[in-house]
Amino acid sequence: MPTETATCMGCFVNNPRIWDNQHLESLRTNPTTFSAIGLTADEKLCLKHLADAWNLFVNMAAKHPDDDSEFHTAIHDAQKMIALRVARRVDTDVWKQPE
């Protein structure tokens, strides 16, 4: 994967506007009511950190040939957990949580 476009293509982390640090800090310090269908500031920050982890990992040297692929899968699994949080807020009848 080319380092100049290291951020995982096609997943949740390729929107530079929502990862702008000033934008994220503003959301954290001036919380606004969020829509049930949107991400919270903390969820966006978590996704940003996952993107940062990916970008650091793909540029590391001396890896096993499968490392990038396995790390890629792990990052996507973590992103799915954030997406599931939104799904639970949107449709609580389908995405039930234990009480």
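Residues of segment 68-92 that are within 17 Å of Lys44 (Cβ to Cβ) and small (Gly, Ala, Ser): Ala78, Ala83, Ala87.
Can you name every residue in segment 54-87 that is within 24 Å of Gly38 (Cβ to Cβ) and touching a Phe, Trp or Tyr at 6+ places or on another chain (Cβ under 8 Å)? Break it down into steps so the answer makes sense when it comes.
Here is the first cut: in segment 54-87, the residues within 24 Å of Gly38 (Cβ to Cβ) are 54, 75-87.
Across segment 54-87, the qualifying residues are Trp54, Ile75, Gln79, Ile82, Ala83, Leu84, Ala87.
Every read-out reported here was derived from the displayed coordinates using simple, explicitly stated rules and does not represent laboratory data. Note that the structure is a prediction, hence the values are computed from the model and not measured. Ideal geometry is used to build each Cβ from the backbone, glycine not excepted, and the neighbour counts take in all protein chains shown.
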